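Report on one structure; see the data block that follows.
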Amino acid sequence: MLELTTLGAVDLVHPVRGSVGTVLVQPKRLGLLAYLAVEAPGGFVRRDALLPVFWPESDEPRARASLRQALQFLRRALGDEALRSRGDEEIGVDPAVLRTDVVAFREWLAAPARRAEALAIVRGDFLAALHVDEAPQFDAWAARQREAIRDEAATLAGALADEALARGDGSAALTFAERAVAFAPLDERGAQRVARVLAAAGDRAAA
């Protein structure tokens, strides 16, 4: 299965060939792949919805031609089965062929037994180093995803900290509480949680 990593260092790994450098060095095509995988996991995006996101300066015929070329490039690089179509106007990523860390994070977020694994997936900001030229809508979409993932991760880390504290695992509680603060440094509840954990551990001076 192909693995697309977007949280922290961006990478795209083929199970046999390793890192797919031909896609990684193409910001717009990499951005298109990430958009399809994250915006509609397991589903489809209309082609006409992609045009203003990635080719806002082009008229519709030129934008559609650019989209066709980008999709052909991705199919050559990843294999035909990585992308799938529904009719002539909808395109999506096959989740059975390509796995994305954001999608895994959100799936495991809802699975009580895998929430700690979900948090471990978040190694950094979403597509932090990726900029697509002349695509402000894409940059705005990526920024919204980035903020949402930070909020989700902070909430999850806080919940895991509270659970660890309740069962008397002070070390885990402090680790999770500090991660919650790292994700949401302006949220006073995070700092208060760290203080509670430190106080429970008897370190009142640090608290």
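Just name one of 97, 140, 110: the one whose Cα is farthest towards the positive end of the charge dipole of the chain (beta-carbon charges, Lys/Arg +1, Asp/Glu -1).
97
Between Rg and the Kirkwood Rh of segment 17-104, both from Cα atoms, what is the Rg to Rh ratio? Can you show the working numbers first?
Details: Rg = 12.4 Å, Rh = 13.2 Å.
Rounded to two decimals, Rg/Rh equals 0.94.
What ranking do 43-55, 103-115 get when scored by the average of other Cβ atoms within 10 Å per residue, highest first? Please list the in-between numbers first.
Details: 43-55: 17.2, 103-115: 14.8.
Top to bottom by mean Cβ count within 10 Å: 43-55, 103-115.
Can you give me the distance in nm between label points at residue 140 and residue 88, each placed 7 Å from the Cα along the Cα-to-Cβ direction?
For the pair residue 140/residue 88, the computed spacing is 3.0 nm.
Scattering from the C-alpha atoms of segment 97-159 alone, worked out with Debye: what is log10 I(q)/I(0) at q = 0.17 1/Å?
Taken in order of the listed q values, log10 I(q)/I(0) reads -0.62.
Find out how many positive minus negative residues lie around residue 104, taking Lys and Arg as positive, Asp and Glu as negative, among other residues whose Cβ is under 10 Å from that of residue 104. Walk me through the intermediate numbers first.
Numbers: positive: 99, 106, 114; negative: 3, 101, 107, 117.
Charge balance in the 10 Å sphere: -1.
Could you sort 60, 134 by accessible area so the largest value comes first, with the probe set to 1.4 Å? Please report the intermediate quantities before stating the final value.
Working: 60 105, 134 135 Å².
Result of the area sort, largest leading: 134, 60.
Taking the simple approach of a point 7 Å from Cα along Cα-to-Cβ for both residue 131 and residue 162, what is their distance in nm?
So the label points at residue 131 and residue 162 sit 3.9 nm apart.
What does the charge count around residue 114 come to, taking other residues whose C-beta lies under 12 Å from its C-beta (Lys +1, Arg +1, Asp -1, Glu -1)?
0
What number comes out for the charge environment of residue 45, summing +1 per Lys or Arg and -1 per Asp or Glu over other residues with Cβ under 12 Å away?
Numbers: positive: 46, 47, 84, 86; negative: 39, 48, 89, 90.
Value of the local net charge: 0.
Before rounding to the nearest 500, sum -39500 (n - 2.57) across all DSSP H runs of length at least 4 in the chain and divide by the residue total; then give [θ] at 222 nm in deg cm²/dmol.
Numbers: 9 runs with 118 residues, N = 207.
The per-residue figure over the chain is -18000 deg cm²/dmol.
At what distance in nm do the modelled label points of residue 65 and residue 13 sit from each other, each positioned 7 Å from its Cα along Cα→Cβ?
Each label point is offset 7 Å from its Cα along the Cβ direction, giving 3.9 nm.
Can you compute log10 of I(q)/I(0) for the chain with the Debye formula, treating each Cα as one identical point scatterer, at q = 0.08, 0.12, 0.13, 0.16 Å⁻¹?
With no solvent term, the Cα-only Debye profile gives -0.35, -0.68, -0.76, -1.00.
How much area per residue is accessible in segment 96-206 when the probe is 1.4 Å and only protein heavy atoms are counted (Å²)?
Values: 5980 Å² over 111 residues.
Per-residue value: 54 Å².
Between segment 55-79 and segment 120-145, what's the alpha-carbon centroid distance in Å?
One Cα centre to the other: 20 Å.
If you split all Cα-Cα distances of segment 130-207 into 10 Å bins from zero, what percentages do you get per bin, shortest first?
Percent of pairs per bin, in order: 21, 38, 20, 13, 7, 1.
The values are calculated or read from the model by the stated rules, or taken from the named source; none is laboratory data. Given the structure is predicted, the values throughout are model-derived calculations rather than measurements. For neighbour counting, all protein chains shown are included, and Cβ atoms are generated from backbone atoms with ideal geometry for every residue, glycine included. Ligands, DNA and RNA are excluded from the accessible area calculation, which covers all protein heavy atoms including side chains. Shrake-Rupley method; radii C 1.70, N 1.55, O 1.52, S 1.80 Å.
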